[in-house]
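The values are calculated or read from the model by the stated rules, or taken from the named source; none is laboratory data. For clarity, every value in this text was computed on a predicted model and none was experimentally measured. Every residue, glycine as well, gets a Cβ built from its backbone with ideal geometry; the counts of neighbours run over all protein chains shown. Quick note on the areas: whole protein, heavy atoms, side chains included, nothing else; ligands and nucleic acids left out. Shrake-Rupley method; radii C 1.70, N 1.55, O 1.52, S 1.80 Å.
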Amino acid sequence: MQPFRRHTGLVAPLDRVNVDTDQMIPKQFCKLLTREGYGKFLFYDWRYLPGERPNPAFELNQPRYQGASILLTRANFGCGSSREHAPWGVADYGFRVLIAPSFADIFYNNCFKNGLLPITLPDEQVDELFRRTYAHPGYQLTVDLEAQTLSDDFDLTLTFPIDPFRKYCLLNGLDDIGLTLQHEDKIRAFEEKHQVTPVQYDDVDMWSPERAAD
Amino acid sequence: MSKQTMYEKIWNAHLVHQEDGKPALIYIDRHLIHEGTSPQAFAGLRAAGRRVRRPDLTFAVMDHSVSTKDRTLPVLDDNARAQFEALWRNCRETGVRLFDMHSRHQGIVHIIGPELGLTQPGLTIVCGDSHTSTHGAFGALAFGIGTSEIEHVLATQTLPQFKSKTMLIRVTGRRPPGVTAKDIILAIIGKIGVAGGTGHVIEYAGEGVTALSMEGRMTVCNMSIEAGARAGMIAPDDTTFAWMEGRPFVPRGKDFQVAVESWKTLPSDPGARYDTVVELDISQLAPQVTWGTTPGMVADVTGVVPDPASFADPIERRAAERALEYMALAPGTPITSIPLDRVFIGSCTNSRLEDLRMAAQVVEGRRVSPRIKQALVVPGSRLVKAQAEKEGLDRIFKAAGFEWRDAGCSMCIGMNDDVLPAGERCASTSNRNFEGRQGKGGRTHLVSPIMAAAAAIAGHFVDIRGWGVGLVE
């Protein structure tokens with residue numbers, strides 16, 4: 001995974017609450033086999049008119065927000081479906097940082113697996129960032145993960161909270177599975193005293209290695 | 001030892017490793033998989049040269065994109081077919097058990113887990129699907145995960161997890177006739193909001209919950225995620241044990257008694273502390289209907305579509321305005337005068353036998369309104385379908401003008417060809433009324449199975465409390 005240390009980028013506003021993951025990547029794009037290439041589907045139903053023509057009424061299609069890498073939005077961003085296609089789309093579109101008053105749990109978790117930094121700020125600070133984004137064309141923010149700060153070119157500096165372990169993993173681009181497998185001895189020891197293999201009492205119509213061997 | 005909640009007991013029993021300042025490593029007892037979110041996880045595993053650690057604890061099923069019509073026909077959707085083939089191949093290569101679309105035990109993952117007895121009290125259960133919260137109805141800790149986490153569980157049978165906060169929702173009072181588990185959970189979401197449970201595991205308790213059947217409890221836990229909570233749970237009791245006994249993967253005879261004794265130790269200790277406590281009295285609750293584009297935008301069937309101007313918070317007000325524009329509804333419109341185009345009875349929320357029995361009771365001897373273009377009944381599993389057919393429910397639905405289909409996720413998510421067309425309005429027993437959820441431009445109203453059935457007959461929403469149905473015990 002790509003490490004995240006410091007990032008400066010254009011801010012794009014999406015002034016809506018409860019943006020759900022169905023809206024980020026609609027169902028028809030959840031039938032693919034890859035993790036790549038979802039950026040072109042991001043916010044599909046809002047972003048495109050029939051024939052995949054860009055919808056001029058959609059905020060992110062405005063010329064001034066092209067090339068944005070920081071998404072500023074409202075509470076409960078990423079609610080609904082657990083589909084990781086949503087953060088895949090957000091990252092592939094070019095976003096590296098998301099700022100909102102709150103995120104839905106599963107989406108928030110999924111962001112960290114994909115090198116995305118979701119930043120939670122109080123409502124008033126998010127309001128202020130919206131004001132500045134609208135007021136200053138080309139409005140940029142610099143995010144310093146090590147220092148946990150956000151700053152702009154107009155003397156604003158904000159600090160943001162983040163769990164120290166999530167921060168450490170993001171800074172170093174660490175692979176979760178590799179970290180867990182360092183504890184394989186503990187997993188094995190746990191499994192020895194924790195027997196939970198289900199016992200099958202009746203015939204069940206499923207493929208299994210045992211049935212295949214018959 | 002201090003007093004513990006059920007969540008804390010299950011958490012502690014699954015703690016593999018814990019270090020200060022890091023998430024705990026939690027053991028996963030059941031990993032359920034479907035075709036939609038797993039292919040990238042298997043691909044990642046393969047690319048890293050890793051194996052599935054515990055195929056014996058992993059069960060796969062085809063449900064999201066399966067046809068609900070004739071499955072002997074070839075799958076014409078190339079993407080869906082590629083996903084089915086990938087799941088088939090991944091299971092064969094790794095030894096993961098699979099219920100393919102032709103299995104007589106196939107069904108929606110959250111229907112078949114409990115039905116086959118794979119879901120049991122005290123277990124940790126995950127699936128790459130947010131409605132995994134359903135399994136919490138048995139006193140299991142069950143939650144949805146992303147694809148990277150699926151890969152993690154495949155490789156390690158564990159997940160690094162931060163401990164959640166706990167929320168107790170105490171449901172008091174007796175459920176009035178015509179009011180169902182679906183109405184209770186919609187009312188709860190309306191009360192605490194769609195982010196009210198964020199960061200929490202919810203435990204539902206109180207007489208309003210313990211009086212529910214297992215089917216009703218699953219409906220309640222299923223929609224925990226719509227309140228923002230990753231997991232919802234209900235303490236196992238005699239209703240739970242009786243429902244489970246005799247299912248294919250549930251211990252038998254003396255082993256069953258031993259299991260029950262251990263399951264009885266799971267409920268939260270009296271006096272255990274929760275971070276948040278919410279109370280809801282259901283003795284006067286009316287049937288619920290959503291009017292907007294989140295499950296929290298919900299009203300009594302006797303009410304009206306609210307005026308966005310009545311929302312104090314400007315952000316909520318704008319959200320309500322957007323929702324009414326999308327839903328093509330005017331403020332002040334009585335809920336019962338909203339005309340409908342389609343009706344969908346199905347999904348992991350409401351497609352179990354009890355749901356179909358209740359809906360059939362409403363439908364029996366009546367006809368679907370001529371203004372309804374399509375009324376679908378999609379059983380949650382092939383076992384549900386077979387049992388319903390044995391009871392003659394399929395004949396009741398078909399005689400009334402409903403289509404009787406094969407099991408799957410169907411029009412809840414519209415990944416197969418059961419799609420709600422743009423501009424049409426649907427009374428749906430599913431869980432999400434998000435923009436475009438059932439089909440781009442489609443307008444979804446979430447309701448109980450009896451409300452959906454009655455709406456199909458009337459062509460619009462009706463207060464079914466006058467119909468003398470809805471208290472299946």
Starting with the highest mean, order B:366-379, B:113-126, A:120-133 by the number of other Cβ atoms within 10 Å, averaged over the residues of each peptide.
B:113-126, B:366-379, A:120-133
Given H placed 1.01 Å from N in the peptide plane, which residues other than close sequence neighbours of B:I169 have an amide H under 5 Å from its amide H?
B:E203, B:Y204, B:A205, B:V278
Can you find, among B:N222, B:L212, B:I234, the residue farthest towards the positive end of the dipole of region B:182-262? Put +1 on the C-beta of Lys and Arg, -1 on that of Asp and Glu.
B:N222
Kirkwood Rh and Cα Rg combined as Rg/Rh, the protein assembly as shown:
0.95
Restricting to Cα pairs under 8 Å and 6 or more apart, the percent relative contact order of chain B works out to 17 percent
For the pair B:R51 and B:A312, the simple spin-label estimate (label points 7 Å beyond Cα toward Cβ) gives in nm 6.1 nm
Solvent-accessible surface (1.4 angstrom probe) belonging to B:L57, in square angstrom, nearest 10
0 Å²
To check you understand DSSP bridge types, tell me what percent of the beta bridges within the protein assembly as shown (both residues inside) are antiparallel, rounded to 5.
30 percent
Using only protein heavy atoms and a 1.4 Å probe, report how much of A:Y139 is accessible, in Å² to the nearest 10.
10 Å²
For the pairs A:K113/B:K9; B:K182/B:K385; A:K186/B:K3; A:K113/B:K22; B:K69/B:K182, flag any whose C-alpha to C-alpha distance is greater than 23 Å.
A:K113/B:K9; A:K186/B:K3; B:K69/B:K182
Using a 1.4 Å probe on the protein heavy atoms only, what accessible surface does B:D238 show? Give it in Å² to the nearest 10.
110 Å²
At most 16 other Cβ within 10 Å, DSSP loop - chymotrypsin sites (Phe, Trp or Tyr not before Pro), region A:1-81
A:F58
Rough spin-label spacing in nm, given labels placed 7 Å along Cα→Cβ, for B:L15 and B:E325:
5.1 nm
D for region B:236-308, whole µm²/s, Stokes-Einstein with Kirkwood Rh over alpha-carbon pairs at 10 °C and 1.306 mPa s: what number?
94 µm²/s
Tell me what chain B gives for mean residue ellipticity at 222 nm when only DSSP H runs of n ≥ 4 count, each as -39,500 (n - 2.57), the sum divided by the residue total, rounded to 500 deg cm²/dmol.
-9000 deg cm²/dmol
Quote the FRET efficiency, to the nearest 0.05, computed for B:D78 versus A:H194 with a Förster distance R0 of 30 Å and r equal to the Cβ-Cβ distance.
0.10
Relative contact order for region B:399-473 using alpha-carbon pairs under 8 Å, separation at least 6, rounded to a whole percent?
21 percent
Which whole-Hz ³J(HN,Hα) couplings does region B:418-435 yield from phi under the Karplus relation 6.51 cos²θ - 1.76 cosθ + 1.60, θ = phi - 60°, glycine and proline marked x?
8, 10, 7, x, 4, x, 8, 10, 10, 8, 10, 8, 7, 10, 10, 10, 4, 3
Just going by the charge dipole of chain B, with Lys and Arg at +1 and Asp and Glu at -1 on Cβ, which of B:T429, B:I150, B:V179 is farthest out on the positive end?
B:I150
Among DSSP bridges having both ends in chain B, what percentage is antiparallel? Round to the nearest 5.
20 percent
Label model pair B:Q4, B:A399: point-to-point distance (7 angstrom along the Cα→beta-carbon line) in nm is 5.4 nm
Long-range amide H partners of B:A231 with built H, under 5 Å
B:I202
Output ³J(HN,Hα) for region A:104-118: one whole-Hz value per residue in order, computed from phi by the Karplus curve 6.51 cos²θ - 1.76 cosθ + 1.60 with θ = phi - 60°, and x for Gly and Pro.
6, 4, 5, 4, 4, 4, 4, 4, 5, 7, 10, x, 9, 9, x
Can you give me the long-range amide H partners of B:G144? Hydrogens built in the peptide plane at 1.01 Å from N, cutoff under 5 Å, separation of 5 or more residues or another chain.
B:T132, B:S133
How big is the dipole moment of chain B about its Cα centre under a simple scheme where the beta carbon of each Lys and Arg is +1, that of each Asp and Glu is -1, and everything else is neutral? Debye, nearest 20, please.
540 debye
Filtering chymotrypsin sites (Phe, Trp or Tyr not before Pro) in region B:41-102 by DSSP loop and by at most 10 other Cβ atoms within 10 Å leaves none
For region B:193-205, 3J(HN,Hα) per residue [Karplus equation, 6.51 cos²θ - 1.76 cosθ + 1.60, θ = phi - 60°, Hz, x = Gly/Pro]
x, 6, 10, x, x, 4, x, 10, 9, 8, 10, 8, 8
Which loop chymotrypsin sites (Phe, Trp or Tyr not before Pro) in region B:308-407, with loop taken from DSSP, have no more than 13 other Cβ atoms within 10 angstrom of their Cβ?
none
Sequence-separation-based contact order of chain A, relative, with Cα cut under 8 Å and 6+ spacing, percent
24 percent
